[in-house]
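The values are calculated or read from the model by the stated rules, or taken from the named source; none is laboratory data. The structure displayed is predicted, hence computed values, not measured ones. Here the Cβ positions follow ideal geometry from the backbone for every residue, glycine too, while neighbour counts run over all protein chains shown. Ligands, DNA and RNA are stripped out before the accessible areas are found, and what is left, the full protein with its side chains, is counted by its heavy atoms. Shrake-Rupley method; radii C 1.70, N 1.55, O 1.52, S 1.80 Å.
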Amino acid sequence: MRDQKRNPSGLPIGPGHILYPILATIALMGILFGSIGHHLTEDMPERETHPYFPDHIWPYPILAMVLLITLGLLAVFGQPALQLGQAADPRVVAIPRPEWYFLSLFQFVKLGPALVTSILVPAGVVAGLIFWPLIDARLGPRLARRLGWSSWPVPKRNVITGTIWMAGLGIIGLLTLWAALVPQLCIPWFTNGPVCGG
């Protein structure tokens, strides 16, 4: 076993770490947008410029760090889904399982009649994703008039659309985690009897 070299500075991510160039790039973005890089906008009127803090510190470096932390947590806690299976053996009966990105669909197919859950609902979801801008533009104002609203909210501030998208992503995430991390968990279901994760 190889001895782990300790970082002499005591920092968790030092110059030899694989994430060091990414973190250094994010940290040095302040030079470009801060007071040193201010000469890039000298010819612009003051009302058209934005200060680095807080306007630029929130959207880019912090979201990049959230993405890195999320990927790190997925790498740590998603290990069971990424482990290699046993070597192929023609004498052993094995139940085939799809790759992790199809686990939610694999799990969803178990929850209802095969025609509905394997063909109709996925086709409807794909068609909905393709035609969502048209649906939102046409049906949104009609729904707003029916609810008594003055107008349909803009895309980034629409509570109804955002709730639908977050619920859909949450269902996909829960089905994937159920099939990958707790395959032995079985729940009673009204169409096919108990449904298990594996």
Only one of these conditions is not met by L28: (1) at pLDDT 75 or above; (2) more than 26 Å from L174 (Cα to Cα); (3) open to solvent by 70 Å² or more (accessible area, probe 1.4 Å); (4) not in a helix (DSSP H, G or I). Which number is it?
-> (4)
Can you name every residue in region 121-139 that is open to solvent by 80 Å² or more (accessible area, probe 1.4 Å) and more than 20 Å from the chain's Cα centre (by Cα)?
-> F131, P133, L134, R138, L139
Hits in region 149-187 - residues which are free of Cβ contacts under 8 Å to residues at least 40 places away in the same chain and hydroxyl-bearing (S, T, Y) = S150, S151, T161, T163
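Provide a single number: the residues in region 158-183 that are exposed (fewer than 11 other Cβ atoms within 10 Å of the Cβ) and either small (G, A, S) or at pLDDT 85 or above (or both).
Keep residues of region 158-183 that are exposed (fewer than 11 other Cβ atoms within 10 Å of the Cβ), which gives 159, 163, 166-167, 169-170.
Then drop every residue that is not either small (G, A, S) or at pLDDT 85 or above (or both), which leaves 163, 166-167, 169-170.
Within region 158-183, residues that are exposed (fewer than 11 other Cβ atoms within 10 Å of the Cβ) and either small (G, A, S) or at pLDDT 85 or above (or both) number 5.
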Meets criteria (modelled with pLDDT under 85 and either in contact with a His (Cβ under 6 Å, 6 or more places away or on another chain) or open to solvent by 80 Å² or more (accessible area, probe 1.4 Å) (or both)) for F190 | yes
In the list V116, V154, V121, V109, which residue meets the criterion of being aliphatic (A, V, I, L, M) and modelled with pLDDT under 85?
-> V154
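Taking L84, is it at pLDDT 80 or above and out of contact with any helix residue (DSSP H, G or I) (no Cβ under 7 Å at 6 or more places or on another chain)?
Details: at pLDDT 80 or above: no; out of contact with any helix residue (DSSP H, G or I) (no Cβ under 7 Å at 6 or more places or on another chain): yes.
So L84 does not fit the description; no.
A quick yes/no check of all residues on (1) open to solvent by less than 60 Å² (accessible area, probe 1.4 Å); (2) under 30 Å from G193 (Cβ atoms):
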{"site": "R91", "(1), (2)": "no, no"}
{"site": "L103", "(1), (2)": "yes, yes"}
{"site": "L111", "(1), (2)": "yes, yes"}
{"site": "A114", "(1), (2)": "no, yes"}
{"site": "S118", "(1), (2)": "yes, yes"}
{"site": "P141", "(1), (2)": "yes, no"}
